[in-house]
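The values are calculated or read from the model by the stated rules, or taken from the named source; none is laboratory data. Bear in mind the structure is a predicted one, so any value in this text is a computation, not a measurement. Every residue, glycine among them, receives a Cβ derived from its backbone with ideal geometry; neighbour counts consider all protein chains shown. Surface accessibility is based on the protein's heavy atoms, side chains included, excluding ligands, DNA and RNA. Shrake-Rupley method; radii C 1.70, N 1.55, O 1.52, S 1.80 Å.
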Amino acid sequence: MEVQQENIYHEILEFGVSVVWLAIAFGIYFGGGIKAFSALHILGIDILESLFVVFFAFVLHELAHRIAARRYGFQAVYHVWIPGLILAMGRHCSVWLFAAPGGRIHSNWTKYRGKQGKNGKSALAGPVVNMVLTVIFTVLFLILSSFTEIVKSRYR
């Protein structure tokens, strides 16, 4: 598949659609699936929390793929995959998580033939970012949890 001339605004729009859609889907899932619609105020909070997580976990993941691919000379652009968004929402309304909202597309594969190592490294960049984020947010969680316990103990 040949990637057309890059249009950064279109790519940002596709990222935005994916982020909002996934945040809604995850919010519904964590709100209890279809039952989440019985408490819309709580569903709204679940969606906002999911928006925060999706922004870091998804956007930074995809940007890492894109940056690494471009560093190795590939032309890489994020594109939304509509069937993946529909499937994500349908599954989030049930009992298990699934998300495949889109991904980066490279152009001119024949030009990059024999560069599988570089393609592999650009593919690995996204999961590596997620692992780093996991460590960062785990440390932040532990620090904030300890701080919260200290504050609670002072006011008992």
>> So for segment 26-44 (the condition being within 26 Å of V128 (Cα to Cα), in contact (Cβ under 8 Å) with a residue 40 or more places away in the chain and open to solvent by 20 Å² or more (accessible area, probe 1.4 Å)), does at least one residue qualify?
In response: yes
Only unsatisfied item for V53, checking (1) over 19 Å from the mean Cα position of the chain (by Cα); (2) within 30 Å of G120 (Cβ to Cβ), is (1)
Subset of segment 80-94, residues modelled with pLDDT of 80 or more and touching a helix residue (DSSP H, G or I) at 6+ places or on another chain (Cβ under 7 Å), comes to V80
message = surrounded by 14 or more Cβ atoms within 10 Å (Cβ to Cβ) and either farther than 20 Å from V128 by Cα or touching a residue at least 12 places away in the same chain (Cβ under 8 Å) (or both): is that true of L13 in this structure?
response = no
Note: among G16, G44, G33, G27, just one is on the phi > 0 side of the Ramachandran plot and either more than 14 Å from the chain's Cα centre (by Cα) or at pLDDT 80 or above (or both), namely G33
